[in-house]
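Undergrad: I have a structure here, written as structure tokens, and I will follow up with some questions on it.
The values are calculated or read from the model by the stated rules, or taken from the named source; none is laboratory data. What you see is a predicted model, and the numbers here were worked out from it, not measured in a lab. Surface areas here come from the heavy atoms of the whole protein model, side chains and all, with no ligands, DNA or RNA. Shrake-Rupley method; radii C 1.70, N 1.55, O 1.52, S 1.80 Å.
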Amino acid sequence: MFLLTAAGLLLFLPPIAYIFNHRIALFGVPQIVVYLFGVWFALIGGTAALTARLEPDSAGDDS
Amino acid sequence: MLSADFVIATAIGYVCLLFVLAYFGDRRARANPRSWLNSPAVYTLSISVYCTSWTFYGAVGNAARSGLEFLTIYLGPTLVFVGWYFLLRRLVRISHLHRITSVADLLSSRFGKSSRLGVLVTCIAVVGIAPYIALQLKAVTSSIQAIAGSSEFGQGSLAGIDDVGLAFGVAAGMALFTILFGTRHVDAKEQHHGVVAAIAFEAVVKLAALVAVGVFVVFIGGGFEAIFSRATEQGIVVDTTSSFDSRWITTLVLSIAAIVCLPRQFQVTVVENSDENHLRVAGWAFPAYMMLMSVFILPIAIYGLTVMPQGANPDMFALTLPLAAGQNGLALFAFIGGFSSATSMIILESIALSIMVSNHIIMPLVLRFSTAPQGGEGQGVSRLLLTARRLSIVLILSLGFFYFFFTRDSDALAPIGLISFTAIAQFFPALLAAIFWRDASLKAVSAAILAGFVIWAWCCFLPSFQSVSPAVSQLLTSGPWGLSWLRPEAMFGLTGWDPLAHAAFWSLSANVVILTLGSLLTTPSALERIQAQAFVDVFRRGTPQQNFVRGSATANDLFFVAERVLGERRAAALFEVEARESGVDPAVLDPTPEFIGRLERELAGSIGAASAHVMLSKVVAGGDVSLEEMMQMADETQHAIEYSQQLERTSAELRLTARKLEEANAQLRELDSQKDEFLSQVSHEVRTPMTSIRSFSEILLEPGELDQSQRQRFVSTIHQESLRLTKLLDEILDLSALERGERNWQSAPVDAEAALDRALLVCDALLRQKGMRVEHGKRAPLTMVEGDADRLCQVFINLISNAVKYNNGSDPVVRITSALRTGSYVVDIADNGPGIAKSDGKLIFEKFWRGVSGGGDQGGAGLGLAISRQIVARMNGTLELVPGPLSGACFRVRLPVVGRA
């Protein structure tokens with residue numbers, strides 16, 4: 001989960017986000033827009049999947 | 001065209017609907033705590049109060065003006081929720097345990113229940129949020145005007161009222177509405193189920209409205225692709241070349257801070273959270289909600305830019321596009337959506353802020369100036385709190401209105417919101433430090449927040465008045481008193497930066513630096529340390545420690561305090577439960593420290609941790625609960641923990657020692673039994689020749705008819721047996737002497753090869769007798785080892801004679817090799833005899849062990865190998881059985897070499 005968050009942060013920040021910033025249109029939409037929404041969607045899916053696998057904690061464990 | 005009257009009537013009707021919803025939602029949640037109102041879905045929807053009219057209108061405008069930047073406002077919170085496990089879960093747990101009611105409460109509670117920090121945070125929040133509320137007022141006002149003000153006919157009763165008047169009306173209406181349903185009662189945990197239900201409903205409305213507009217725009221624009229390509233044809237492109245600059249990072253960071261620290265977000269995410277596990281759903285559902293909200297923003301903005309006339313306000317595209325297409329119904333729906341987002345934000349923000357104001361500013365003042373508890377007040381504090389909250393709601397909305405009034409000329413919505421975000425972000429470092437860093441101290445945190453706030457006010461807040469005040473714009477261009485390095489938008493000569501990135505950089509840097517250095521330099525007080533431990537270790541400890549050491553207060557006093565704050569019914573219930581638990585009559589209840597601690601948390605839920613602490617301190621122990629005592633208590637706990645850890649370690653050591661002793665004991669017992677065995681074996685060995693000697697001598701003693709030859713034979717047997725006995729005893733003596741190391745042992749450099757040759761020579765007769773062939777392998781050059789030459793020779797003789805003795809094959813061979821290997825002299829003596837079974841490999845060096853096949857008639861006492869091993873060991877070498885080159889056994893002697901001769 002930590003990895004997911006960190007990866008999300010990295011992917012949204014300039015150096016990496018910049019790579020996808022070209023004047024190319026995918027399906028008529030600028031590439032960068034597709035990229036940002038794509039990462040966003042992946043994060044949501046990843047969190048949902050990870051959360052489902054995480055044990056519900058009632059006593060509270062710190063890991 | 002829609003008439004203004006109709007629009008306003010719709011808005012009022014909508015608010016009434018919300019009110020009804022809130023009312024029934026509240027009743028339902030109260031009647032049945034497990035209703036769907038407590039579901040994670042409602043929780044997630046209520047969090048989406050984050051999407052205000054800034055999202056609804058401002059994001060479109062922002063997208064039209066500066067491209068993709070609007071996305072950062074949603075990407076930041078996405079990251080926070082994706083990582084809910086680290087931050088939000090911790091916050092929620094802490095807040096549940098300590099009955100935290102707001103950011104100010106959290107910080108003041110963590111940093112020694114300081115009222116001052118609470119006041120500071122509250123003041124900053126109130127001032128910082130004013131622009132944000134102004135944004136909502138502005139959005140509602142502009143939307144009403146956009147939808148109705150475009151024609152003379154539509155003005156209706158609005159004719160003659162300018163936007164200021166309209167905004168005033170909106171603000172007043174909102175204040176009334178918020179007071180009506182946000183401050184009906186003081187709750188134990190400050191949870192407002194009714195409001196949350198209404199907010200969740202509004203979340204659905206605004207999402208539906210924006211999606212409806214989006215779908216409509218995509219539909220009439222001919223699809224995403226058509227919209228983008230048409231825009232490109234007209235020369236309108238989403239400018240992304242400079243998207244990822246410092247401003248991108250700044251807004252991302254600010255939004256990360258805002259989603260946690262904004263008073264209303266803290267309220268819905270943390271305080272209103274009724275079940276920690278709801279976060280699991282919100283972790284992905286809230287980002288999904290924001291994504292849905294933003295999917296259509298770019299198409300709306302682009303399409304708006306393409307078809308709307310030059311100079312149209314892009315903030316209002318969501319409204320004006322349907323209007324321009326003649327879709328009045330859709331426009332009204334969009335208006336209601338935008339209105340929804342504005343009202344939900346204003347309601348929750350002002351409720352959250354009013355709780356902060358009343359708990360951290362008004363309550364402490366009242367407590368300070370009220371003398372001993374006045375009698376006969378009953379619900380006094382509770383009523384006072386409600387009044388305070390209502391007043392603060394009015395105050396907060398007025399501040400928002402005034403900000404709107406002074407800055408009404410600036411046109412865009414999003415920058416106003418970012419001003420608020422920057423102010424609120426000042427709490428973020430402190431908040432993180434509060435829950436993760438044990439050493440963060442009150443002084444450092446206060447100074448850091450204050451410094452950040454001052455820089456914000458100078459660099460961010462002040463410049464927003466530029467358009468209304470010539471003095472401010474003068475200040476912006478030349479700095480105060482002509483000091484150009486203090487210009488608000490170019491501090492210390494840092495020019496050319498985006499003003500927002502500039503302000504955020506300076507204020508947050510100062511904040512973090514002061515917080516870190518200050519915490520390292522100052523020592524936290526006793527209470528701070530207790531609270532720090534309780535907060536940072538929240539997942540390690542069950543319930544927070546009680547802070548009152550000795551309960552010298554009477555139950556009556558406590559009840560009086562509780563009654564004033566909580567009301568008679570709840571106070572009585574609380575005391576009854578405690579009395580039942582301790583099994584005494586409520587009248588004679590002796591309050592335990594645990595109970596006082598619980599009472600404090602209960603009170604903290606209503607009036608904030610700092611106030612609750614002050615209030616109870618007045619009653620308990622006459623107000624002088626010594627911090628030293630608490631310190632001592634904390635120390636004692638620490639010591640107890642350390643001590644128990646020490647005990648654990650010691651007991652582990654003891655266990656280890658016991659095990660070692662046991663092993664030693666077993667070894668000793670084995671040695672003992674070995675000795676017994678040895679003795680019995682020795683007596684057995686001695687007994688056999690003795691018996692024959694005795695019986696033969698008895699025969700000789702008897703006068704009888706023994707002839708000379710018989711006599712001769714008997715005497716020689718006796719002689720042989722006594723020789724054997726002597727040899728045996730010699731060997732035993734020899735062995736025990738070797739074992740004890742007492743024998744006069746000559747230690748000198750010895751030519752090992754010579755010793756080996758001598759041994760071969762000695763055994764020559766034996767070998768011949770058996771017809772045994774000696775196979776000479778490679779031999780080492782002249783090698784000197786340290787030891788006794790005779791003894792070494794004895795070892796070789798022993799090994800060779802063993803090889804001879806036990807070999808009963810048809811073509812007996814003994815193979816002798818010696819070599820120098822890594823500084824050792826190695827002799828291998830191998831034979832092709834029956835060999836030694838693997839299981840006997842260890843036994844052969846034991847005393848009196850004889851080869852099984854050899855039986856007892858080989859004439860040895862079974863001590864040869866034991867003695868040889870002892871000798872080699874004395875010479876620091878080893879004697880071992882190795883797998884040999886021939887079929888039989890192979891003994892290897894390894895001795896350390898001393899310098900060559």
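Undergrad: Let me cross-check B:Trp456: its accessible surface, 1.4 Å probe, with only protein heavy atoms counted, in Å² to the nearest 10?
TA: 0 Å²
Undergrad: Separate question: Taking H placed 1.01 Å from N in the peptide plane, check which residues at least 5 places from B:Glu775 or on another chain put their amide H under 5 Å from its amide H.
TA: B:Val814, B:Arg815, B:Ile816
Undergrad: Over 30 Å between Cα atoms: which of B:Lys660/B:Lys727; B:Lys113/B:Lys206; B:Lys675/B:Lys805; B:Lys727/B:Lys778 fall into that group? Please report the intermediate quantities before stating the final value.
TA: Details: B:Lys660/B:Lys727 41 Å; B:Lys113/B:Lys206 39 Å; B:Lys675/B:Lys805 28 Å; B:Lys727/B:Lys778 35 Å.
Long pairs (Cα-Cα over 30 Å): B:Lys660/B:Lys727; B:Lys113/B:Lys206; B:Lys727/B:Lys778.
Undergrad: Non-local amide H neighbours of B:Val750 (under 5 Å, H modeled in plane, Pro and chain starts lacking H): which ones?
TA: B:Val785, B:Glu786, B:Gly787
Undergrad: Further question: Sorted by accessible area with a 1.4 angstrom probe, largest first, how do B:Thr691, B:Thr52 fall?
TA: Values: B:Thr691 70, B:Thr52 0 Å².
Heavy-atom accessible area, descending, gives B:Thr691, B:Thr52.
Undergrad: How much of B:Val42 can a 1.4 Å solvent probe reach, expressed as accessible area in Å² and rounded to 10?
TA: Estimated to the nearest 10 Å², B:Val42 gives 10 Å².
Undergrad: What number, in percent, do you get for the relative contact order of segment B:52-131 if the mean sequence gap of Cα pairs under 8 Å and at least 6 apart is divided by its residue count?
TA: 12 percent
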